[in-house]
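Colleague: This is the structure I have questions about; it appears just below.
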Amino acid sequence: EYLNKEVSENPKNGYAFSWIALIKCHQEEFGRAITAADLALKNLPKKDKEYVYFAYETRAKIYCELEDTIKALADYSAAIKVSPEESDAYEKRAQIYYEQGKYDLADADYRQLIKLDQGGVMGYMGIGRNLNAQKHWDEAIEQFNYVANLYSDYSSVYAFRAEAFIGKEKWAEATDDIISALS
C-alpha cells in the first residue's frame, strides 16, 4: 500500500518500483512484476549499483518463473556486469546453465563463486554436481571430499557424493554417505 502510494506521488521512484517488482513476483503477479522491474531499471540512478543489481536480479527471477531462460540469463549477466563482486547472480545463472546441460558455462560461474568465497561450498558443490551429471565419478568424489573437509556437517555433500559412489557401484560407500546425509 505504501509503495503504491509512493509511486503514484513520485512516478520516477525506481527504488519503490524495485520493491514492488519483488513483491509482485512473490504474489505471482508476473506481468506487474516485470513492469515494475522495467520502471525500476529505467528510473534508478545508474551509480547506485546495489539497487540496479537488485532490479536486474529480481527481473531475472521473474523471467525464471515465466520459464524464459534467455531473458533470465541476460538479466543475470547484466547484474554481474553491474556488480561482479556479488555472488548470487553467478550462482543462479550457473543453475540455469546446469539445467540446460551447459556444464562448461556453469563451471565458469562456479569457479567465479570460489574466487569470491574460497571457504564457501556452493562453487565446489556446483562443480561436483556437474561432474556427477557427466558421470565423471572420480573427479566428483574428489570435489565432494574437499567440501566434506571444509564443512563436515554439510549434509548435501554426502548425498551428492553417494550419487557418485552409486555411479561407481560402490554400494558400501554410498550407503555410508546416505546415512551421513540423513543423520
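The values are calculated or read from the model by the stated rules, or taken from the named source; none is laboratory data. It should be emphasised that the depicted structure is a prediction, and the values quoted were computed from it without experimental measurement. All Cβ positions, glycine included, derive from the backbone under ideal geometry; neighbour counts span all protein chains shown. What goes into the accessible areas is simple: the full protein's heavy atoms, side chains included, and nothing from ligands, DNA or RNA. Shrake-Rupley method; radii C 1.70, N 1.55, O 1.52, S 1.80 Å.
Colleague: Filter region 1-49 for residues that are free of Cβ contacts under 8 Å to residues at least 24 places away in the same chain, among the hydrophobic types (A, V, I, L, M, F, W, C), more than 12 Å from I62 (Cβ to Cβ) and open to solvent by 50 Å² or more (accessible area, probe 1.4 Å) and give the result.
Modeller: W19
Colleague: Out of region 103-152, which residues are within 19 Å of K81 (Cα to Cα) and open to solvent by 60 Å² or more (accessible area, probe 1.4 Å)?
Modeller: Answer for region 103-152, where residues must be within 19 Å of K81 (Cα to Cα) and open to solvent by 60 Å² or more (accessible area, probe 1.4 Å): L105, R111, K115, L116, D117.
Colleague: To continue, here is another question. Tally time: how many residues in region 156-174 are on the phi < 0 side of the Ramachandran plot and either open to solvent by 70 Å² or more (accessible area, probe 1.4 Å) or part of a loop (DSSP other than H, G, I, E, B) (or both)?
Modeller: 6
Colleague: Which pairs turn up if I take residues in region 168-183 that are more than 17 Å from E139 (Cβ to Cβ) and modelled with pLDDT of 95 or more and look for partners that are polar (S, T, N, Q) and surrounded by 11 or more Cβ atoms within 10 Å (Cβ to Cβ) with beta carbon separation below 9 Å, at least 6 apart in sequence or on another chain?
Modeller: Correct list of pairs: S180/S155; A181/S155; A181/S156; L182/S155.
Colleague: Next question, about the same structure. Quick check on this structure: which one of S77, S87, S183 is among the hydroxyl-bearing types (S, T, Y), open to solvent by 40 Å² or more (accessible area, probe 1.4 Å) and more than 25 Å from K49 (Cβ to Cβ)? Steps first, please.
Modeller: Numbers: S77 fails: more than 25 Å from K49 (Cβ to Cβ); S87 fails: more than 25 Å from K49 (Cβ to Cβ).
That would be S183, the only listed residue that is among the hydroxyl-bearing types (S, T, Y), open to solvent by 40 Å² or more (accessible area, probe 1.4 Å) and more than 25 Å from K49 (Cβ to Cβ).
Colleague: Just a yes or no: is a residue in region 72-82 of a type in the set (V, I, T) and free of Cβ contacts under 8 Å to residues at least 12 places away in the same chain?
Modeller: Let us first name the residues in region 72-82 that are of a type in the set (V, I, T), namely 80, 82.
Adding the requirement that they be free of Cβ contacts under 8 Å to residues at least 12 places away in the same chain leaves none.
Looking through region 72-82, none of the residues is of a type in the set (V, I, T) and free of Cβ contacts under 8 Å to residues at least 12 places away in the same chain.
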